[in-house]
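What follows is one structure encoded as structure tokens, with my remarks underneath.
Throughout, read-outs are computed from the coordinates displayed, never taken from laboratory work. Note that the coordinates shown come from a computational prediction; the quantities given were computed from them, not determined experimentally. Ideal geometry is used to build each Cβ from the backbone, glycine not excepted, and the neighbour counts take in all protein chains shown.
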Amino acid sequence: MGDSAIVWVCREMNNDHENRALLDGYVGVKFEVIQRSEEPPSQAAALYRVFRGVGDWLKAHNMASVNAGKLSVRYGRGLLITASGCNLGSIEQSELVFVEQCDAEAERVVYDGPLKPSSESIMHWLIYANRPKARAIIHAHDEFATRPELLAGEVVESLREEPYGTIELARMAIETFQRTERIIVLKNHGYIAIGPDLDRTCNLIISTHLHLLEKSRNS
Ligand SMILES: [Zn+2]
């Protein structure tokens with residue numbers, strides 16, 4: 001690590017669960033982030049078109065609300081993920097961040113790019129580690145993911161709610177993926193889908209969304 005590395009330590013959120021819940025509207029990362037370089041990765045420009053296309057697709061289904069949702073793909077030994085606070089409906093090229101190292105126990109993330117990586121970078125990292133075949137992860141919201149009566153028999157839901165950006169939420173996602181293959185709902189929150197690429201992963205989320213929309217109309 002060179003001297004020029006910039007270190008932010010976001011420890012406003014201590015280990016007190018209640019405090020975390022109270023502050024959950026906060027937009028930002030809850031772990032230590034270390035910027036190794038301001039330069040984005042070399043292939044980010046080519047991948048940007050794919051990220052942008054998928055963001056537009058989600059937006060077309062009202063699934064890209066402001067500052068919510070995350071996209072990532074495996075990239076080299078790490079992952080390429082949308083920046084913290086990124087709006088999926090209008091992703092900028094500078095909002096693709098390379099997470100090259102992640103220490104979940106120490107809650108530390110090392111990245112390349114001009115902006116800080118998503119608050120859920122550790123979750124994405126752990127999902128890729130647990131699912132060797134997954135090459136893309138999408139997290140998105142709609143009004144149906146928070147309706148258990150619609151989800152019943154359709155999508156596996158996590159057992160508990162946990163505050164965003166925490167290791168507890170990351171672990172909850174991993175546990176929930178042990179009960180199903182490709183798509184889960186984080187309780188009272190939103191979907192996480194995994195797949196071989198962003199397009200097919202997005203297709204899964206949107207088809208699930210459309211199916212639940214249909215179900216809601218018939219219920
Ligand atoms: Zn979310």
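If you average 1/r across every pair of different Cα atoms in the stretch 22-102 and take the reciprocal, what Kirkwood value do you get, in Å?
Working: mean 1/r = 0.0744 Å⁻¹.
It works out to 13.4 Å.
Could you calculate the contour length gain from E175 to S94, that is, 0.36 nm times the residue separation minus the distance between their Cα atoms, to one decimal place in nm?
25.9 nm
If you line up the long axis of helix 167-177 against the longest principal axis of the chain, both from Cα atoms, how many degrees apart are they, to the nearest 10?
Tilt relative to the chain: about 40 degrees.
Add +1 for every Lys or Arg and -1 for every Asp or Glu among the other residues with Cβ under 10 Å from the Cβ of A136, and state the total. Present the calculation step by step, with values, prior to reporting the outcome.
Working: positive: R74, R135, R200; negative: D197, D199.
Once positives and negatives cancel, what remains is +1.
Report Rg(Cα)/(2.2 N^0.38 Å) for the chain, keeping two decimals. Write out the running numbers ahead of the final one.
Values: Rg = 16.6 Å, N = 219, 2.2 N^0.38 = 17.1 Å.
Output field value: 0.97.
Would you work out the charge dipole size for the stretch 81-215 about its Cα centre, treating the Cβ of every Lys and Arg as +1 and the Cβ of every Asp and Glu as -1, and quote it to the nearest 20 debye?
Approximately 320 debye in magnitude.
Report, to the nearest 10°, how far helix 44-60 tilts away from the longest principal axis of the Cα atoms in the chain, using its own Cα long axis and a range of 0 to 90°.
Helix 44-60 sits at roughly 30 degrees to that axis.
Hey, what D do you get for the stretch 125-206 in µm²/s if you plug the Kirkwood alpha-carbon radius into Stokes-Einstein at 25 °C and 0.890 mPa s? Show your work: numbers first, answer last.
Numbers: Rh = 12.7 Å.
Roughly 194 µm²/s, to the nearest whole number.
Helix 121-130 against the longest principal axis of the chain: what's the angle in degrees, Cα atoms only, rounded to the nearest 10?
70 degrees
Where the Cα atoms of the stretch 115-167 are projected onto their three principal axes, how long is each span, largest first, in whole Å?
36, 26, 18
At a temperature of 25 °C and a viscosity of 0.890 mPa s, determine how fast the stretch 48-154 diffuses translationally according to Stokes-Einstein, using the Kirkwood radius over alpha-carbon pairs as Rh; express D in µm²/s, rounded to the nearest whole number. Don't skip to the answer; put the middle values down first.
Details: Rh = 14.4 Å.
D = 171 µm²/s.
If you find the alpha carbon centre of the stretch 109-146 and of the stretch 84-105, how far apart are they in angstrom?
9 Å
So for the stretch 154-197, considering every pair of alpha-carbon atoms, how many percent are separated by more than 17 Å?
For the stretch 154-197, the fraction of Cα-Cα distances above 17 Å is 22 percent.
Can you check what the net charge comes to around G89, using other residues whose Cβ is under 11 Å from the Cβ of G89 (Lys, Arg +1; Asp, Glu -1)?
Working: positive: R52, K59; negative: D56.
That works out to +1.
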